[in-house]
1. Return the residues of segment 1-24 that are surrounded by 10 or more Cβ atoms within 10 Å (Cβ to Cβ) and of a type in the set (A, V, I, L, M, F, W, C); say none if nothing qualifies.
2. W22 is checked against (1) in a helix (DSSP H, G or I); (2) modelled with pLDDT under 95 and fails just one. What number does that condition carry?
Amino acid sequence: MTNYGWVEVVFVAIIALGIGGWQLVSINREIARDRARKDDEKS
């Protein structure tokens, strides 16, 4: 039962990757919105 260190590392890594993935999707959506707004202003 000495695997608690690995369990903690995996748990923290999953949380960190989840937050990172969410940030990536969020920023990509915001960039797409800004581009669409910019295209609407040109037209």
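The values are calculated or read from the model by the stated rules, or taken from the named source; none is laboratory data. A quick note: this is a predicted structure, and the numbers were derived from the prediction, not measured. Don't worry about glycine lacking a Cβ; one is built from the backbone with ideal geometry, like all the others, and counts go over all protein chains shown.
1. Correct list: V9, V10, F11, V12, A13, I14, I15, A16, L17, I19, W22, L24.
2. (2)
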